[in-house]
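Here, each number is a calculation from the coordinates, and none is a lab measurement. Note that this is a predicted model, so its numbers are computed, not measured. Positions of Cβ are generated from backbone atoms using ideal geometry, with glycine treated the same way; all protein chains shown enter the neighbour counts.
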Number of protein chains: 2
Amino acid sequence: MPPEALALLPVTTAAAERSDAARNRQLLLDAAEQLVREFGADGVTMDAVARSAGVGKGTVFRRFGTRSGLMLALLDQSERKLQAAYMFGPPPLGPGAPPAQRLIAFGRARLAGIEVEGEMRRAADDSSRYSSPPYNITKSHVSLLLREAGAAGDIALLADSLIAALDAALVLHQIRVLGYTTEQVADNWERLVRWVLADASVE
Amino acid sequence: MPPEALALLPVTTAAAERSDAARNRQLLLDAAEQLVREFGADGVTMDAVARSAGVGKGTVFRRFGTRSGLMLALLDQSERKLQAAYMFGPPPLGPGAPPAQRLIAFGRARLAGIEVEGEMRRAADDSSRYSSPPYNITKSHVSLLLREAGAAGDIALLADSLIAALDAALVLHQIRVLGYTTEQVADNWERLVRWVLADASVE
């Protein structure tokens, strides 16, 4: 599947809206986005959005149904903005910079929108996972080995990043949906470890 | 916090059980684990576990409450087995091998238990995420840049692994609970990208 065809998928849904309704909706989303920036995601209530956009609270409810509907719309909007920025925007995020620089910029841009994305995920509530004893035992073990192997950078953050590559939902998707073997996934893990420790001495 | 103190946490809960009850429970868990190996996680029903362990179905329900309770117990058991293996077991997973080798073995061992872990996660139902258009647009973009940058290995698997490091729930945990700044998280991302592309030409 060519990445360009795939990349244009979500933009089409917005095109179906009548343009005045779309403008109205955009006004509310801009107000909500501004509230996230100023007060964090917790500051985004239907009430606050209505007040900030100068409309009645009923308008916000009619538009988005629930607060989680509003959050979903915000998530969709920030995804599409990021998408436009990396496909058509100025370098280093957009075309024109070397790929490694664009990749670095992509991660940084994604991190800038992490609050809104996180609020959506919190609705699904998997947030206690990283505070759980099993996760932290695993993290201690991986951190210890990284330290012993002489890894550079912030060891704890690096441990989180590596463990994320072993996430069960992700790996099962790779195996069951994408058709990889466990061995291929394990080889990907091994390459990742070897790259991370390339400056250290991997025996 | 010393990793050893943390690592001994979950073992203590089992010690509180009376030993015959614990033996009984272990019998059922062994039967369930055997069913997972033979038929996959979907083959583990309360009925099948009872039949396989030669007890009444009521016994399995009394022990674990629900199928998801049984899955949770299996998850806990496989976590504790893995923990014992990397702390006290033979190398390369256990002590005695160089840290990089132990790290590689750790990932491979974790992948071996991924079915049970995945079944638990499926209960929380975040499984459609990796099939969603937004995820796949992101993955196309990251894959494209990795390819352009001359990355080695399986590009699609590598893209999954890198994107996992930007997971919103993980990053927000790092920032809100662990006290990192977004800048520190972004620097960790940049180091990761640079290591992965070290053999390619990162400008």
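Computed quantities for the displayed model
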item	result
Top positive-direction residue, dipole computed over region B:73-203 with Cβ charges, set B:112, B:195, B:92	B:92
By average C-beta atoms within 10 angstrom, highest first, the peptides B:24-30, B:129-135	B:24-30, B:129-135
Estimated D of chain B in µm² per second, where Rh is the Kirkwood radius over Cα pairs and Stokes-Einstein applies at 20 °C, 1.002 mPa s	106 µm²/s
Expected 222 nm ellipticity per residue - DSSP helices of 4 or more, -39500 (n - 2.57), all of the protein assembly as shown, to 500	-21000 deg cm²/dmol
Inter-copy label distances at residue B:84 (7 Å, Cα→Cβ; nm, one decimal)	5.8
Axis-proximal residue, chain A, for the rotation superposing A on B (Cβ, Å)	A:164, 2
Value in Å of the Kirkwood radius, where region B:130-196 supplies the Cα pairs that are averaged	12.8 Å
Chain A: DSSP helices with Cα axial extent of at least 27 Å and average Kyte-Doolittle hydropathy no lower than -1.0	A:19-39, A:67-88
Relative contact order for chain A, counting Cα pairs under 8 Å that sit 6 or more residues apart, in percent	12 percent
Only Lys, Arg (+1) and Asp, Glu (-1) charged, at Cβ; region A:130-196 dipole about Cα centre in debye	40 debye
Calculated label separations, residue B:51, copies of the chain, 7 Å along the beta-carbon direction, nm	6.2
Rg to Rh, two decimals, where the protein assembly as shown supplies the alpha carbon set and Rh follows Kirkwood	1.00
Calculated label separations, residue A:155, copies of the chain, 7 Å along the beta-carbon direction, nm	3.6
